[in-house]
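Only one structure is covered here, and it is reproduced in the block below.
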């Protein structure tokens, strides 16, 4: 999501006519800020013991690599005060845990200690329904009827308010396709989601991931999509800073970007016919 993170640093839109020359604008780069990618994903059918948290910093708009951050002490604690430690693979900024125990509905607290400062966040592990097996393909789909389209289904739980995150990876897309939705208009119904692209061809494999997410993360991610330019139009308000649920307990103003999220995930692959 490098393109999304860039938009958190600089919120600029240029509406220019087509041209043959790429112009790089001199931009002022803000001081680096910590980024905590603490996404705990529990894939259905697995124990969920292997988890990873990544630390990096923001960087200049035109830079292609985000500097990693080493030397942090990271733990996640559940409501029974059981502590899960995340240990860095030296020099990588990736901190792993091999004995994590995910439980739907359990509340967890993240603590990151780095350079004399402490960052914390609290979140609940959210469950998700299965993606149904009957994925439907339509070779005359999309808005113009000229795209290969697939639709997949999952059963919403009518006894609770639910929020979902979709991530679709295909061979024709440079970046994953994301969508956040709720069940406000489909409470208890069989939910349907579409994905289409005119470049899809027979044999292409589509990877679908469906995440259960909290209402807070749903609101956060929709703002993140808007900041990345994936909103509903060119005239919407673009937030310059999208703050997650991670708080610097030592110096409040020195906040970190990122979010502490715990999701059950269902994964399905479909091969274009």
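Structure data summary
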| quantity | calculated |
| --- | --- |
| Descending principal axes extents, the stretch 73-152, alpha-carbon based, whole Å | 57, 31, 21 |
| Full-extension gain in nm, residue 111 to residue 252, via 0.36 nm per residue minus C-alpha separation | 49.3 nm |
| Inter-site label distance for residue 177 and residue 33 at 7 Å from Cα along Cβ, in nm | 3.1 |
| Sorted by Cβ neighbour density within 10 Å, fewest at the top, the residues 217, 257 | 257, 217 |
| Computed FRET value (nearest 0.05) for residue 216 with residue 133, which takes r as the C-beta separation and R₀ as 25 Å | 0.20 |
| Label-point separation in nm, residue 65 to residue 267, each point 7 Å along Cα→Cβ | 2.8 |
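None of the figures in this text is laboratory data; all of them are computed from the coordinates on show. These figures come from a predicted structure and were not determined experimentally. Ideal geometry is used to build each Cβ from the backbone, glycine not excepted, and the neighbour counts take in all protein chains shown.
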